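All remarks here apply to the structure that follows.
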Amino acid sequence: MLTPRVPPQGRARGTRRPGPARVPPRDEPAGATRRAVVEDIRPLVDGGRFPAKAAVGDDVRVSATAFADGHDLVACDLRYQRDGERTWTTVEMRALGNDRWEGSFSVDEVARYRFVVRAGVDHYATWLRDVCAWAEAGRDVSSELLVGAELLSRAAGRARGADRKALAAAARVVRATGDLDSPVSATRDGGAVADATSPERVGTVGDMVRSDGLRALARRYRPGADQTTSAPCEVVVEPARARCSSWYELFPRGASPDPSRPGTLADVRDRLDYVEALGFDVLYLPPIHPIGTSGRKGRDGSTVADPGDPGSPWAIGSPDGGHTAVDPALGTIGDFDALVRTAASRGISVALDLAFQCSPDHPWVREHPEWFRHRPDGSIRYAENPPKRYEDIYPLDFETDAWWELWQALLDVVRFWCGHGVQVFRVDNPHTKPFAFWEWLIAEVRAAHPRTMFLSEAFTRPAVMYRLAKLGFSQSYTYFTWRNTKWELETYMHELAQVADFFRPNFWPNTPDILTDTLQSGGTPAFVSRLVLAATLTANYGVYGPVYELQEHVARTPGAEEYQGSEKYAVRHWDLARSDSLAPLMARLNDVRRAHPALQRDDTLRFHSVDNDQLIAYSKTSGDDAVLVVVNLDPRFRQSGWVDLGPFAGGPARVVEVHDLLTDAHYRWEGTHSFVMLDPATVPAHVLSVERVAP
């Protein structure tokens, strides 16, 4: 084969033409010394396509399977860094058995974190295991001690500072002795080794090589080229309120203390005393924008509106403005700003409804007709959910050729409200918009406003709900609203546990659209039991009030789930001082949630067996805090049964002292099971703090 000539100007006179570079054989492995395998890492969402979720204050627990060929021992590390950092922090993972490893790191700010799992053969630990076994069998280990000395010496070569000195000193001691029983002399080397292995007492060479300090140093400075490192995984850390929150929904036009007029944003501001007393930390407002008149719905959703009917807040847009305007009947943007500021001073976040749809009177209909889907006759199709039609709403066309301009306009809407202090959005029907849109919008918003949270109102198929969570939604409505029996509740909670790495459930016993059969027919016991379940099964829950605490339960028509006289289509006034209000119970439950860290997370939920299917029992723990909940699911009859105390019981003579946080009663239980009787006519639930477990 001829070698191409190099033009004279391409090579200096008198230099040699370089030979061809060596190309390794195609079958030569890269990193042949990397014998460890790392797999089945958790949390890992869709192979790393999406980040897992955490919240400020969490310990992110990482587990993985790591092993190597043969019988050598493996060391496994967790390494992590916050986005923007250049260095990695290393945490030693602990062995769980069967080649499974676990480690954790704490996250204390809203950010994105990366982590990897690194594993490799631990040659020193393997040598130590074998040399001790030989010594116990009476074998001469003098030559094996030379092997150990060499391992320590190589580790010293990779170390720096005091660690290097300690490893080198240990290597000299091991090399100079003939067996593990030789004393470590009080020489300079002995002193250096003692410092390195502190607080262990070093008496013999065997004590020294087995000491935790020396083993940790040898492990830390094992050869990097021998380690197998996983691909980076990601965790997105959101505000602590993403993990634990209590939501209260109210219609501003129903907040007036004067029955002769509708409420305003100023009235909502005055209502903050009430919301704060109830203990809620998120105040959610349905859309506060101008409401269209074309196709306006009348009372209970009728297609004919009377002159005084206010229309649905979700029919957004009129000549007064669209998604960045405030309905003049509610006040001004200044009133909204004042509400947000006052709420924040009380530790309450104002959540705004994000409904990307338009009234026929919305300015966009005139200014951007290309953003809507037209029929062949030129008319715009109404929103539909056959057989339902919403003549007061036009859906946006996300398949329009002008989709990019539409996306930008919707992003501007969210940015506008972020600029007015909104950090929490409840998103209406996100499953009817493209997944790609939400992934893009949430990322764009958080690039400028990283603390922004989004609640998904997607009552749809599980796969769709889970996909939205992966795309960035902080929390999600769930099917809890329709889960009533013990089997349904336990099965559903086990299902949610499988997606806990990315899906945060938010339990609502009611919404403006949903009045379940249980609440329609179960009376006060049903309202109480559903409230206790929502507030204790998950760390995030909400209610639509004052409808809930005043126990509104009459449906629009038999078999329907919508309220008669629904606030969606009418102005309602509420007597908050009614004697039958559940407000005191709400306040007590929220106080309990704040006081008990166990109820502020979902990952320690454990169900306890009860020999009565009308009773459900479960517990949550956090450190020394433990809460056990027992609920009577029968709203009509007293139910009793024996509850398995599970981890709180250790034997027949063990005593468990519990404090009922709802009634202030104290109980002393003995043995592995306790008898419980709950009467729905009084209090249909126990929320028990486990105060003391004594032998």
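At a glance:
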read-out: The range 103-132 residues that are under 11 Å from Asp77 (Cβ atoms), paired with ones that are in a loop (DSSP other than H, G, I, E, B) (beta carbon under 6 Å, 6 or more apart); value: Gly103/Met93; Val116/Ser230; Val116/Pro232; Val117/Ser230; Arg118/Gln227; Gly120/Gln227; Asp122/Leu73
read-out: The listed residue being of a type in the set (A, V, I, L, M, F, W, C) and more than 26 Å from Val340 (Cβ to Cβ), out of Phe425, Phe416, Phe372; value: Phe372
read-out: Looking only at the range 436-461, and only at residues there that are in contact with a Leu (Cβ under 6 Å, 6 or more places away or on another chain) and not in a loop (DSSP other than H, G, I, E, B), the one that is nearest to Trp482 (Cα to Cα); value: Ser456
read-out: Residue that is least open to solvent (accessible area, probe 1.4 Å) [pool: residues in the range 620-664 that are part of a loop (DSSP other than H, G, I, E, B) and either within 22 Å of Arg593 (Cβ to Cβ) or touching a helix residue (DSSP H, G or I) at 6+ places or on another chain (Cβ under 7 Å) (or both)]; value: Leu661
read-out: Selection from the range 422-455 of residues that are farther than 15 Å from Arg112 by Cβ, aliphatic (A, V, I, L, M) and open to solvent by less than 50 Å² (accessible area, probe 1.4 Å); value: Val422, Val424, Val427, Leu441, Met453, Leu455
read-out: Selected residue (only one of Val107, Val116, Val131 is touching a Cys at 6+ places or on another chain (Cβ under 9 Å) and over 17 Å from Ala68 (Cβ atoms)); value: Val116
read-out: Residues satisfying the stated conditions in the range 62-84, i.e. in a loop (DSSP other than H, G, I, E, B) and either modelled with pLDDT of 95 or more or farther than 18 Å from Asp40 by Cβ (or both); value: Gly70, His71, Asp72, Leu73, Asp83, Gly84
read-out: Count of the range 413-433 residues which are closer than 25 Å to Phe507 by Cα and not in a helix (DSSP H, G or I); value: 9
read-out: Residue among Ala587, Ala539, Ala617 that alone is of a type in the set (Gly, Ala, Ser), closer than 15 Å to Ser245 by Cα, within 29 Å of the chain's Cα centre (by Cα) and buried (at least 22 other Cβ atoms within 10 Å of the Cβ); value: Ala539
read-out: Top-ranked residue of the range 137-152 - restricted to ones that are in contact with an Asp or Glu (Cβ under 8 Å, 6 or more places away or on another chain) and not in a loop (DSSP other than H, G, I, E, B), ranked as farthest from Asp179 (Cα to Cα); value: Glu144
read-out: Subset tally (residues that are under 19 Å from Ser609 (Cα atoms) and without any contact (Cβ under 8 Å) to a residue 60 or more places away in the chain) for the range 658-680; value: 9
read-out: Long-range neighbours under 7 Å by Cβ, at least six apart or interchain, first residue closer than 17 Å to Arg82 by Cβ within the range 226-241, second outside any strand (DSSP E or B) and aromatic (Phe, Trp, Tyr); value: none
read-out: Where Gln564 falls short, out of the listed (1) closer than 25 Å to Arg271 by Cα; (2) buried (at least 17 other Cβ atoms within 10 Å of the Cβ); value: (2)
read-out: Set Glu367, Glu384, Glu405: member being in contact (Cβ under 8 Å) with a residue 12 or more places away in the chain and farther than 23 Å from Ser474 by Cβ; value: Glu405
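The values are calculated or read from the model by the stated rules, or taken from the named source; none is laboratory data. In this text the structure is predicted, and so the values were computed from the model without any measurement. Heads up, the Cβs are rebuilt from the backbone with ideal geometry, glycines too, and the neighbour counts pull from every protein chain shown. To get the accessible areas, we keep the full protein, side chains included, count just its heavy atoms, and leave off ligands, DNA and RNA. Shrake-Rupley method; radii C 1.70, N 1.55, O 1.52, S 1.80 Å.
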